[in-house]
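Asker: Below is one structure. I have some questions about it.
Computed from the coordinates by the stated procedures, all read-outs in this text should not be read as laboratory data. These numbers were taken from a predicted model, which means no experiment stands behind them. Cβ coordinates were reconstructed from backbone atoms using ideal geometry, including for glycine residues, and neighbour counts include every protein chain displayed.
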Amino acid sequence: MFKRCTDVVVSVALLLFASPILLLSALIIRLTSPGPALFRQSRMGRSFQAFEILKLRTMAHAEGGLAYTLGPDPRITPIGNFLRRSKIDEFPQFWNVLRGDMSLVGPRPVLPELVEEFRDQYSSLLKVRPGLTDPASLKYSQEAELLSKDADPMDFFKSVVTPDKIRISQEYIYRATASSDAAIMAMTFLICFVPAFSRLFGELPITRKLARINPYPNAPLNLQEKQPLPGNPPPPVHERLVPVSYLVAQRVLAGWNLSPNSEIGKKSTLNESA
């Protein structure tokens, strides 16, 4: 009951705060490409009840193609690219939260077809309302960019990314608290501005195409794609500063037991299973 009350109060406040941004974005969408400003799509909700999720439209209207975005997509409009990077296209989902279709924090809602493919795994996830954000969606905040690097994006999405996201979401819903939900919301806003902080929720899997041309095959997985090649300039200053702030945030998250790789998180998991 407390979680639902929080969802209502926060979603109303965020809708009021975001309404000028939503109105301006909707106007630009209508002026720059034909079609409606809102995009509606069926997603699977709690207890396997489908609902219509709302987003700002970021693609050309009535274009055919896959329901998934597996990398750079020619259907995405110029304003759509900005809306996706800034996550402004997700703002209409505060209305889904207010209606009761979704929660602020919970497993991200997926297409009904994907739920059918992983029905056994989703049977536990869909006991709760899907959410705007959770640790799995934060880890894969740059999912489209990751998928674009693989030789077979769809296969990588279904065989590697989806099972990992389900595992992370299952682990979180069983130990979620009001304070951990608040931390996830705070990290969501932070990652919108600094995507590198998504590393707090685990290293991304190495795509198969990159693994074949990796110049450092013997290096640890978390270092393989981060070493500059000989003769290449070092990374920009802001990228070199990220690890410092990353360690600070990691300590904070460990206090909420959000990072499964932290020592605190491991001990807490062991204690719970004992």
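Asker: What is the sum of charges around THR58, taking Lys and Arg as +1, Asp and Glu as -1, for the other residues whose C-beta is under 9 Å from the C-beta of THR58?
Answerer: Details: positive: LYS55, ARG57, ARG75, ARG84; negative: ASP89.
For residues surrounding THR58, the net value is +3.
Asker: So what are the ³J(HN,Hα) numbers for region 109-121, from phi and the Karplus equation (6.51, -1.76, 1.60; θ = phi - 60°), rounded to whole Hz, Gly and Pro as x?
Answerer: Per residue, the Karplus-derived 3J(HN,Hα) values read x, 10, 5, x, 5, 5, 4, 5, 5, 10, 4, 4, 5 Hz.
Asker: Next up: Using Cβ counts within 10 Å as a stand-in for footprinting exposure, how do ARG57, ARG167 rank, fewest first? List each step's numbers first, then the result.
Answerer: Values: ARG57 22, ARG167 13.
Ascending number of Cβ neighbours within 10 Å: ARG167, ARG57.
Asker: Determine the gain in length on full extension of the stretch PHE189-ARG40; use 0.36 nm per residue of separation and subtract their C-alpha separation, reporting nm with one decimal.
Answerer: Details: separation 149, 0.36 × 149 = 53.64 nm, distance 2.37 nm.
Result: 51.3 nm gained on full extension.
Asker: Assuming a ≥ b ≥ c are the square roots of the Cα gyration tensor eigenvalues, decide whether region 1-111 counts as rounded (a/c under 1.5), prolate (otherwise, with a/b larger than b/c) or oblate. Write down the numbers at each step before the final one.
Answerer: Working: a/c = 2.33, a/b = 1.40, b/c = 1.66.
The shape class here is oblate.
Asker: Sticking with this structure for a sec: Filter the chymotrypsin sites (Phe, Trp or Tyr not before Pro) in region 80-186 to those in DSSP coil with at most 13 other Cβ atoms within 10 Å of their Cβ, and list the result. Numbers along the way, then the final one.
Answerer: Values: sites: PHE82, PHE94, TRP95, PHE118, TYR122, TYR140, PHE156, PHE157, TYR172, TYR174; in loops: PHE118, TYR140, TYR174.
Answer by residue number: TYR174.
Asker: So who's got an amide H within less than 5 Å of the one on PHE39, skipping anything under 5 residues away but keeping other chains? H placed 1.01 Å off N, in plane.
Answerer: LYS55, LEU56, ARG57
Asker: For region 164-171, just list the computed ³J(HN,Hα) in residue order, Karplus coefficients 6.51, -1.76 and 1.60, θ = phi - 60°, integers in Hz, with x standing in for Gly and Pro.
Answerer: Each residue of region 164-171 in turn: 5, 5, 4, 4, 4, 5, 4, 5 Hz.
Asker: Run the dipole for region 1-111 about the Cα centre, Lys and Arg Cβ at +1, Asp and Glu Cβ at -1, nothing else charged, and hand back the magnitude in debye, nearest 20. Could you put the intermediate results ahead of the total?
Answerer: Values: 14 positive and 7 negative charges, 28 e Å.
The dipole magnitude comes to about 140 debye.
Asker: Just for region 39-136, what percent of DSSP beta bridges are antiparallel, to the closest 5?
Answerer: Working: 7 of 9 bridges.
Here the share of antiparallel DSSP bridges comes out near 80 percent.
Asker: Among LYS139, LYS149, LYS127, rank each residue by its count of other Cβ atoms within 10 Å, from fewest to most, as a rough exposure measure. Kindly include the intermediate steps, with their values, before the conclusion.
Answerer: Numbers: LYS139 21, LYS149 16, LYS127 10.
By the 10 Å Cβ count, ascending: LYS127, LYS149, LYS139.
Asker: Step by step: find N for region 122-176, compute 2.2 N^0.38 Å, then divide the Cα radius of gyration by it. What's the final number? Don't jump to the answer; show the numbers that get you there.
Answerer: Numbers: Rg = 12.1 Å, N = 55, 2.2 N^0.38 = 10.1 Å.
Against the empirical 2.2 N^0.38 Å value, I get 1.20 for region 122-176.
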